[in-house]
Amino acid sequence: MRERAEAEEIAQEALLRAHRHWARLRDPGRFQAWLVRVAWRLALDRTRAARRRAQREREAARQAIAGAGRSESSEFHFALAEEIERLPRKLRAPLILAAVEGYDMREVARRLGVPEGTVKSRLFAARQRLAERLEWVAENTKRT
């Protein structure tokens, strides 16, 4: 993992799973190898999920831009800017720093003075709210 906080989360999850599934371990002498394998699989799953999520986001953005005409595209950008401004500051700040200005999670966390995990959860919440609001705006724009 490239970020320490993410590696720590995976280590915690691996230990938790090892505790839950201790009875499944056939050879207690191989606990370390088993635990390493659990952590490896968790890291691999998380990396793949992040890659798929990024791909879906890129594809959705491409389709939104490609599918919209020039005036629709500018309406979309206006609606997006408006909805970003409506977000609470604690969600808006990490979104702007990460998505608009291009800072990585560590730098966003440092600038905001919060843990990286908090930045990630706030980014997730901000993106979710934006998606919901923009979907609602698109539906209501089509009706008029």
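Restrict the check to the range 117-135 and report whether at least one residue is at pLDDT below 85 and touching a helix residue (DSSP H, G or I) at 6+ places or on another chain (Cβ under 9 Å). Yes. Keeping to the range 115-144, report how many residues are farther than 15 Å from Glu3 by Cα, crowded, with 16+ Cβ neighbours inside 10 Å and among the β-branched types (Val, Ile, Thr). Adding up the residues that qualify gives 1. If you filter the range 2-58 down to residues that are under 18 Å from Gly117 (Cα atoms) and outside any helix (DSSP H, G or I), you find that the one that is modelled with the highest pLDDT is Glu3.
Among the listed residues Glu3, Glu13, identify the single one that is in contact with a helix residue (DSSP H, G or I) (Cβ under 7 Å, 6 or more places away or on another chain), touching a residue at least 60 places away in the same chain (Cβ under 8 Å) and surrounded by 10 or more Cβ atoms within 10 Å (Cβ to Cβ). It is Glu3.
The values are calculated or read from the model by the stated rules, or taken from the named source; none is laboratory data. Computed from a predicted structure; not experimentally measured. As a convention, Cβ positions derive from the backbone with ideal geometry for all residues, glycine included, and neighbour counts pool all protein chains shown.
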